[in-house]
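A.B. asks: Take a look at this one; I'll ask things after.
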Amino acid sequence: MNNNQKILISIIIILLMLISLTTIYFVFLDKNSVNIDYINSENGADVNKNNVLRSNLIIHNHSNLSLAMIDSAKNGTPVIQFGNGEEPVTFIVAGVHGNQLPPQIAAIQLIDYLDNKKIHGTVYVVPFAAPNLTANNEKLLNGQNLNTVADEVGTPSNDIVTYAASRNSSFVGDFHSTAPGAVPGHDTIMCSKYPTYDSYLFAIQMTKFLNEGIEVHEVAGVDYEGAIEDVLNMKGTPSITGLSTSPHGDISSGSVETSFNQMLALLKSNGNI
């Protein structure tokens, strides 16, 4: 073996070592920073008491991380953060109405997805906005619709608005389900044009990744006063409401996938994935 052959073999070995080290970094070391926090310590409950929810959590694969989030709901409203706070910051909420189950299952599925995927910027996920409502498969908290009082200090929905704003969220998605025959009664993305026009622009961008349209409201806070989306848009934080179609308290076939795809569309539109 001459010197040139020895040099060539040495170069090949070094290149193979570099490739191996790069693979190890991206597979094992280049992970998202993850942190679990609480938006508030009230309204905690064991969401697994909801039999419909629990049976669907079993159907959809979930990781130790999402299991930890489910367990954390016993102590309040948990939020999980992927990333270190850098922009773009996306904030995802589900469970404002505890009996709207598809987006809550989808949020847990999203946590599993993000646990194994490198993202850009930061993503916050709140799978259970009011765990006690989810546990009891109920819409109202002491007779109160949380999506009409997000502008009232001290309510769980206002706590979510405040938390999202404090994290400098650049895009917020509040995810619900709508019963067949109700309003709107079909899969859609709700948005508004004024005062935060980016709500409308983001909704249009999301539809590029979805097989559904948008429902546009000219002015935030008129048709849905006190809703999380509207309150945030009125404060200047671009927000949308994603809806999948399913009877309240139950899960229609395909509704979880619809909510999950809406969440992915939001993350794609804001440049996180």
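The values are calculated or read from the model by the stated rules, or taken from the named source; none is laboratory data. All values reported here derive from a predicted model rather than from experimental measurement. Reconstructed Cβ throughout: ideal geometry from the backbone, glycine too, with neighbour counts over all protein chains shown.
A.B. asks: Say whether the condition of being out of contact with any Asp or Glu (no Cβ under 8 Å at 6 or more places or on another chain), part of a loop (DSSP other than H, G, I, E, B) and at pLDDT below 95 is met by at least one residue in segment 106-129.
C.D. replies: The answer is yes, given that some residue of segment 106-129 is out of contact with any Asp or Glu (no Cβ under 8 Å at 6 or more places or on another chain), part of a loop (DSSP other than H, G, I, E, B) and at pLDDT below 95.
A.B. asks: Going through Val216, Val222, Val231 one at a time, which residue ends up being in a helix (DSSP H, G or I) and modelled with pLDDT of 95 or more?
C.D. replies: Only one candidate qualifies: Val231.
Here is a yes/no grid of residues against (1) closer than 23 Å to Ile251 by Cα; (2) surrounded by 20 or more Cβ atoms within 10 Å (Cβ to Cβ); (3) under 15 Å from the mean Cα position of the chain (by Cα):
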position	(1), (2), (3)
Ile36	no, no, yes
Val47	yes, yes, no
Arg54	yes, no, no
Ile58	yes, no, no
Asn75	no, no, no
Pro78	yes, yes, yes
Ile92	yes, yes, yes
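A.B. asks: For segment 137-180, enumerate the residues that are under 21 Å from the mean Cα position of the chain (by Cα), without any contact (Cβ under 8 Å) to a residue 24 or more places away in the chain and either under 18 Å from Val125 (Cβ atoms) or in a strand (DSSP E or B) (or both).
C.D. replies: Those that are under 21 Å from the mean Cα position of the chain (by Cα), without any contact (Cβ under 8 Å) to a residue 24 or more places away in the chain and either under 18 Å from Val125 (Cβ atoms) or in a strand (DSSP E or B) (or both): Thr162, Ser166.
A.B. asks: Still on this structure, please answer the following. Those residues that are surrounded by fewer than 24 Cβ atoms within 10 Å (Cβ to Cβ) and among the small types (Gly, Ala, Ser), I need them from segment 170-212; list them, please.
C.D. replies: Ser170, Ala179, Gly181, Ala182, Gly185
A.B. asks: For segment 87-99, does any single residue satisfy the condition of being at pLDDT below 95 and not charged (D, E, K, R)?
C.D. replies: Keep residues of segment 87-99 that are at pLDDT below 95, which gives none.
Among the residues of segment 87-99, not one is at pLDDT below 95 and not charged (D, E, K, R), which makes the answer no.
A.B. asks: Follow-up question, since we're still on this one. Given the structure, is Val96 of a type outside the set (Gly, Ala, Ser), surrounded by 19 or more Cβ atoms within 10 Å (Cβ to Cβ) and part of a loop (DSSP other than H, G, I, E, B)?
C.D. replies: On the way: of a type outside the set (Gly, Ala, Ser): yes; surrounded by 19 or more Cβ atoms within 10 Å (Cβ to Cβ): yes; part of a loop (DSSP other than H, G, I, E, B): yes.
So Val96 fits the description; yes.
A.B. asks: So, one more: Tally up the residues in segment 43-78 that are in a loop (DSSP other than H, G, I, E, B), small (Gly, Ala, Ser) and closer than 20 Å to Leu146 by Cα, please. Write out each step before concluding.
C.D. replies: Going through segment 43-78, the residues in a loop (DSSP other than H, G, I, E, B) turn out to be 43-46, 50, 60-63, 76.
Subsequent filtering for residues that are small (Gly, Ala, Ser) retains 44-45, 63, 76.
Right, trim to closer than 20 Å to Leu146 by Cα and you get 44-45, 76.
Total meeting the criteria: 3.
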